[in-house]
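A.B. asks: I have a structure I would like to understand better, so I am pasting it below and will then ask my questions one at a time.
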Amino acid sequence: MWSYGVQVVEPAFTGGLRRAALQQAWAQYRQYADAYRGSILSAFQDVEDGLSQTRLYDRQTKQQYEAVSAALRTQRMTMALYTGGLTNYLDVVVAQQAALTARIAAVQAQTSAASGHCAADPRPGWQLDAAEPADNEADRPDPSLAI
């Protein structure tokens, strides 16, 4: 009978310890849920940034190739005018220079697009040590044990 009385009176003497522990557990749960939500939103932001960057690079590359096409047309027309005797060779050289400059700009745009895709670290938070252990035979599995 005394044991029942102790069980009934025990929560009164804990001084709200159980309620505080419950509140602490809920606070910790909310903290973890908010951290998870933040990491998910960060991942979505990274994907959206990557898609926007890809669209930008595609647009720049297309514009550069259009510029190359226009410069090559100009070069062909200038050469035709020179061949017909209607212009001097300086105009041909300037057109060729413009065509080569446009080609170089197109290659640079394509290179920056390719390096931009690779610039983001696919494994954020991972660090590769500079002095990784060398591949030695002791770490390799025994081929005779293969199934």
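The values are calculated or read from the model by the stated rules, or taken from the named source; none is laboratory data. These figures come from a predicted structure and were not determined experimentally. All Cβ positions, even for glycine, are placed from backbone atoms using ideal geometry, and neighbour counts span all protein chains on display.
For (1) modelled with pLDDT of 95 or more; (2) farther than 30 Å from Gln45 by Cα; (3) surrounded by 15 or more Cβ atoms within 10 Å (Cβ to Cβ), each residue gets a yes or a no:
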{"residue": "Gln75", "(1), (2), (3)": "yes, yes, yes"}
{"residue": "Val93", "(1), (2), (3)": "yes, yes, no"}
{"residue": "Gln97", "(1), (2), (3)": "yes, yes, no"}
{"residue": "Ser112", "(1), (2), (3)": "no, no, no"}
{"residue": "Pro141", "(1), (2), (3)": "no, yes, no"}
{"residue": "Ile147", "(1), (2), (3)": "no, yes, no"}
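A.B. asks: For segment 62-73, check the following and say yes or no: at least one residue is in a helix (DSSP H, G or I), of a type outside the set (S, T, N, Q) and modelled with pLDDT under 90.
C.D. replies: The answer is no; no qualifying residue exists.
A.B. asks: Can you tell me which residue among Asp58, Asp34, Asp49 is of a type in the set (D, E, K, R), farther than 30 Å from Leu100 by Cβ, modelled with pLDDT under 95 and in a helix (DSSP H, G or I)?
C.D. replies: Answer to the check: Asp49.
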